[in-house]
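The values are calculated or read from the model by the stated rules, or taken from the named source; none is laboratory data. All figures in this text were calculated on a predicted structure; none of them were measured in a lab. Cβ atoms come from the backbone with ideal geometry, glycine included; neighbour counts cover every protein chain shown.
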């Protein structure tokens with residue numbers, strides 16, 4: 001049953017990427033040179049670090065990149081959160097599906113450069129491959145998250161259909177899987193792992209700001225799974241009642257929700273009141289209310305619990321949400337942004353501070369679409385958008401496109417939350433006409449901005465690489 005559900009969907013995703021790759025290049029309408037570096041308008045601009053400092057690639061110096069281990073196939077099509085930074089900014093973690101591993105890098109806060117430790121300090125993998133520390137249930141990892149206290153790292157693995165749990169050494173960043181069933185929770189039976197409900201094709205994973213809960217988007221299970229987190233050990237436990245999962249199709253032991261077909265993106269609001277999910281098959285952004293005491297999630301059915309591309313009972317209709325993928329929340333909590341693969345768009349929503357409900361911004365402020373779409377702003381380098389990130393100070397939004405491998409650079413108004421793509425070459429990076437040049441971005445899927453806002457890191461599955469960009473943060 002599972003294979004019959006997966007094959008058509010994966011084929012559909014693959015076909016969309018092929019079509020996107022054949023679309024007009026980002027520079028179809030022409031461009032001019034860069035804006036003036038150092039001006040106020042330059043805030044948010046990206047420049048890749050030179051030479052080997054600008055990218056690390058799996059066992060290779062292709063494109064002038066440095067060499068790394070356990071970096072085969074990071075940020076695949078399923079997994080818009082394949083890179084995560086520790087809150088102290090010391091370490092970068094990468095879910096590498098092809099290596100069945102999490103690669104571990106130490107970050108230089110001043111230069112932004114990444115280095116990988118030797119042996120088990122530099123990665124953790126199934127059976128300890130490539131000299132990494134050993135792990136169970138880490139086959140095909142696609143998303144990774146770091147707890148807010150920096151003591152744990154969590155990953156979802158599509159191949160194992162499991163959630164894995166690691167303790168983090170705050171001094172070195174090295175990971176050690178928790179022993180026995182505390183180290184992994186799986187949908188299908190896996191020796192040494194605990195059993196979980198509605199864990200079918202786990203994709204995205206995130207941790208609540210208070211560190212009390214971990215939430216997982218189950219792509220093929222059409223569900224959001226809730227775990228309670230032990231603040232002392234980092235171990236996870238799924239509630240035994242229906243608060244342990246919420247599914248689109250009625251499922252024993254789970255609550256039932258709306259528009260939860262294939263969650264691929266997810267984020268928890270900074271105030272801890274809401275969880276937002278982007279669902280690819282339902283073509284929706286879903287709003288869930290979080291109980292701050294228990295972590296349990298509930299969904300309204302009055303239209304405020306979901307915004308969908310196609311009219312659905314109990315939901316509100318929105319624009320340009322075809323294949324909704326990644327979701328990100330602004331630092332002030334006032335806006336939510338979504339990338340959509342099939343619509344080739346970034347959509348913008350206003351968030352109610354009291355209820356958490358979303359309203360799509362009006363007119364052309366509500367959507368930016370590759371080339372043109374009625375009622376939306378014109379966008380470049382958005383022909384297959386996947387990953388999404390908002391800078392810590394809220395001045396920029398970045399969208400990663402899988403094919404041909406570009407990052408769209410959007411300027412954000414801190415007052416209104418509206419976004420607009422930067423003009424000319426400042427508006428995108430990648431090896432395509434009319435964008436600022438960049439290397440090793442093939443199959444780009446995930447982005448993260450450093451806590452100090454000075455650097456952006458991107459994972460690219462086809463290039464088997466992590467790229468490093470310096471970000472302009474202030475007028476010089």
Collect the residues in the range 378-397 that are without any contact (Cβ under 8 Å) to a residue 60 or more places away in the chain and closer than 19 Å to residue 455 by Cβ, keeping them in residue-number order. none
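Limited to the range 248-266, what total is found for residues that are part of a strand (DSSP E or B) and surrounded by fewer than 23 Cβ atoms within 10 Å (Cβ to Cβ)?
Total satisfying the criteria: 2.
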Only one residue in 176, 148, 156, 115 is within 17 Å of the chain's Cα centre (by Cα) and surrounded by fewer than 20 Cβ atoms within 10 Å (Cβ to Cβ). Which one? 148
Looking at this structure, is residue 378 surrounded by fewer than 21 Cβ atoms within 10 Å (Cβ to Cβ) and under 29 Å from residue 442 (Cβ atoms)? yes
Being touching a residue at least 12 places away in the same chain (Cβ under 8 Å) and either buried (at least 24 other Cβ atoms within 10 Å of the Cβ) or within 16 Å of the chain's Cα centre (by Cα) (or both) is the requirement here; does residue 459 meet it? yes
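Looking at the range 259-273, which of its residues are more than 17 Å from the chain's Cα centre (by Cα) and touching a residue at least 40 places away in the same chain (Cβ under 8 Å)?
To start, the set of residues in the range 259-273 that are more than 17 Å from the chain's Cα centre (by Cα) comprises 259-261, 271-273.
Within the range 259-273, 259, 271, 272, 273 meet the criteria.
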Residue match in the range 231-247 (condition: buried (at least 20 other Cβ atoms within 10 Å of the Cβ), at pLDDT 95 or above, touching a strand residue (DSSP E or B) at 6+ places or on another chain (Cβ under 7 Å) and over 22 Å from residue 181 (Cα atoms)): yes
Conditions first: (1) closer than 20 Å to residue 163 by Cβ; (2) in contact with a helix residue (DSSP H, G or I) (Cβ under 9 Å, 6 or more places away or on another chain). Residue 73 passes all but one, so which condition is the exception? (2)
Somewhere in the range 84-98, is a residue more than 23 Å from residue 151 (Cα to Cα) and touching a helix residue (DSSP H, G or I) at 6+ places or on another chain (Cβ under 8 Å)? no
For the range 133-145, what are the residues that are in a loop (DSSP other than H, G, I, E, B) and within 14 Å of residue 96 (Cβ to Cβ)? 138, 139, 140
Name the residues in the range 395-414 that are crowded, with 24+ Cβ neighbours inside 10 Å and in a loop (DSSP other than H, G, I, E, B), would you? 402, 405
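Show me the strands (runs of 3 or more DSSP E) entirely contained within the range 67-132 in which 3 or more residues are in contact with a strand residue (DSSP E or B) (Cβ under 7 Å, 6 or more places away or on another chain), modelled with pLDDT of 95 or more and within 17 Å of residue 54 (Cα to Cα).
Passing ranges, in order: 91-96, 101-107.
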In the range 423-450, what residues are over 16 Å from the mean Cα position of the chain (by Cα), under 27 Å from residue 332 (Cα atoms) and surrounded by fewer than 22 Cβ atoms within 10 Å (Cβ to Cβ)? 423
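Check whether at least one residue in the range 459-473 is closer than 26 Å to residue 365 by Cβ and in a loop (DSSP other than H, G, I, E, B), and report yes or no.
yes
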Consider residue 417 carefully, then state whether it is closer than 20 Å to residue 366 by Cβ and not in a strand (DSSP E or B). yes
